[in-house]
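First comes the structure, then the notes that go with it.
The values are calculated or read from the model by the stated rules, or taken from the named source; none is laboratory data. Values in this document were obtained by computation on a predicted structure and should not be read as measured data. All Cβ positions, glycine included, derive from the backbone under ideal geometry; neighbour counts span all protein chains shown.
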Amino acid sequence: MKRTVPMACLAVGVLLIGLSLPAAGSGGGGRWSEQDPAYQNEHLLDVLRDVGVLDEEAYERAKQKLSPRLRTALRPCVELIGTYTFFNDMPEDEVLQYPGSPDKERGFALRKASFGLQGRIFYDWLGMKLTASAEQQKDGTLAFGLENAFLQARFRPEAWTRPGFVPEFGAHLGAMKIPFSRQNLASEPQMQFINRAVVVEEIDIRRDLGATLDAGVALGDETVAVRLRAGAFNGQGYRVYAADNNSKPMVVVRAVVDLLGPMAAGEGDLSQSILLGALRDADFRMHKPRVSLGASFLQNNDIDRTVRAWGVEAEVRWMGLSLLGEYIATEYDYDLTVDTVGDVRTRRWNTDGWYLQGGLFVWPRRVELVCRYEEYRIDLLNQTSDEARIALLTGGVNVHLTRKNNLKLMANYIHRSEKKGFPQMDNDSMTVGLSLLF
């Protein structure tokens, strides 16, 4: 209860502020209309992107530059993901479950339904996001809860700005995603696969209540961008840290370097595919490759353990081709002087895992083929084996049904193999999904 009350108060406060303050440049109504010049400017950007004048990165950059004029009102935001599992080789009465193992259930599942508001409030530099979500549990019931409730500030000091040097500072306050892992920060409808990689799912540090300070600088006509983000959270986390009931915070530090231009949000490259015809020189210059490198560190001082996690990542996108890889390791250091729940037979144990995934648009902005290979290792607290290791190979196809790429049909086949520490099982699965984002 002591964690639910402040989060609920924060959510109510953010909502009241957002609804009561007039949106700058919107005539106080806080709504868009087709006669609003801001709406028309944004619609023009959509047209330029659809006809190929702007690629995805140039489109996002133009929206950011126009954001003081465009993002001056609250607007609804929705995420919907529904899936249908055609088959699952795991027997219905199978009791052995482990990381990466599929659920017993087959058929339809509502993975996520998220609704809320986001946008600018009163000042161009002040934004907010407030969303609630519902997810279907294994017993078929829906679990409702607060997903995001945070304020975001952004400041660009003109006095410090120089040619080839553009600094920017910011902050987040409230309930938000923990800034750790590139795939963890991606929105589910923007992912290339229905499921996250096992190593990202198992660390499961989705959201928490806290604050972050952000700093960044764009160098050389914004061809290189360096971003730092550090924050402190209450340590609740989600599953790994669910037992945390002390007052010690969780600290997170994340650094990202974008090369050759900013990397757009999400996964995959929506640009024109190089395989579908010769390109003019102008097209080649416009669709230059994007490279992004990142690293994250997290430490949570729990009541009976200290949990540390660190990860490194790299991503490349160019002409409809994308490659993304991450390595994440965790260390659990138990304090055996404290009474703990469960049978802990060792003072320290570790997990680690990695994945490499890629995608290629064989029909520009419409059809993408994707593939991912991943491995996950966990220490075992018994005398049978010192560790357990699994591997998954996922192949899939994504069909984008709208020009804005906000409605997507996905199909994934997952081949699972037990490399060490687990008995060999027949547990492949085939799932299709439909996702909506706006």
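For the stretch 112-143, the tally of residues that are assigned to a strand (DSSP E or B) and farther than 17 Å from residue 77 by Cα stands at 7.
Here's the yes/no breakdown for (1) closer than 21 Å to residue 228 by Cβ; (2) of a type in the set (Gly, Ala, Ser); (3) buried (at least 21 other Cβ atoms within 10 Å of the Cβ):
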{"residue": "155", "(1), (2), (3)": "yes, no, no"}
{"residue": "161", "(1), (2), (3)": "yes, no, no"}
{"residue": "164", "(1), (2), (3)": "yes, yes, no"}
{"residue": "167", "(1), (2), (3)": "yes, no, no"}
{"residue": "173", "(1), (2), (3)": "yes, no, no"}
{"residue": "176", "(1), (2), (3)": "yes, no, yes"}
{"residue": "179", "(1), (2), (3)": "yes, no, yes"}
{"residue": "186", "(1), (2), (3)": "yes, yes, no"}
{"residue": "195", "(1), (2), (3)": "no, no, yes"}
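Annotation: of all residues in the stretch 135-152 being aliphatic (A, V, I, L, M) and buried (at least 16 other Cβ atoms within 10 Å of the Cβ), the one that is farthest from residue 188 (Cα to Cα) is 151. Going residue by residue through the stretch 85-107, is there one that turns out to be surrounded by fewer than 19 Cβ atoms within 10 Å (Cβ to Cβ), in contact with a Cys (Cβ under 9 Å, 6 or more places away or on another chain) and at pLDDT 85 or above? The answer is no; no qualifying residue exists.
Of the conditions (1) surrounded by 15 or more Cβ atoms within 10 Å (Cβ to Cβ); (2) at pLDDT below 90; (3) under 23 Å from residue 354 (Cβ atoms), residue 229 clears all except one; give me its number. Going through the list (1) surrounded by 15 or more Cβ atoms within 10 Å (Cβ to Cβ); (2) at pLDDT below 90; (3) under 23 Å from residue 354 (Cβ atoms), residue 229 breaks only (2). Condition check: over 25 Å from residue 309 (Cβ atoms) and either modelled with pLDDT of 90 or more or basic (Lys, Arg) (or both). Does residue 123 satisfy that? No; evaluated as a whole, the condition is false for this residue. Name every residue in the stretch 309-331 that is more than 16 Å from residue 361 (Cα to Cα) and of a type outside the set (Asp, Glu), in order of residue number. 309, 310, 311, 312, 314, 325, 327, 328, 329, 330 - these are the residues of the stretch 309-331 that are more than 16 Å from residue 361 (Cα to Cα) and of a type outside the set (Asp, Glu).
Condition check ((1) at pLDDT 95 or above; (2) more than 20 Å from residue 107 (Cβ to Cβ)) across all residues:
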position	(1), (2)
369	yes, yes
379	no, yes
387	no, yes
396	yes, no
409	yes, no
419	no, yes
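One line per residue, one yes/no per condition, for (1) among the aliphatic types (A, V, I, L, M); (2) modelled with pLDDT of 85 or more:
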residue: 75; (1), (2): no, yes
residue: 81; (1), (2): yes, yes
residue: 135; (1), (2): no, no
residue: 169; (1), (2): no, yes
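For the stretch 381-432, taking the residues that are under 21 Å from the mean Cα position of the chain (by Cα) and not in a strand (DSSP E or B), the one that is surrounded by the fewest Cβ atoms within 10 Å (Cβ to Cβ) is identified as 404.
When residue 184 is tested against (1) of a type in the set (S, T, N, Q); (2) at pLDDT 95 or above; (3) outside any loop (DSSP other than H, G, I, E, B), only condition (2) is not met.
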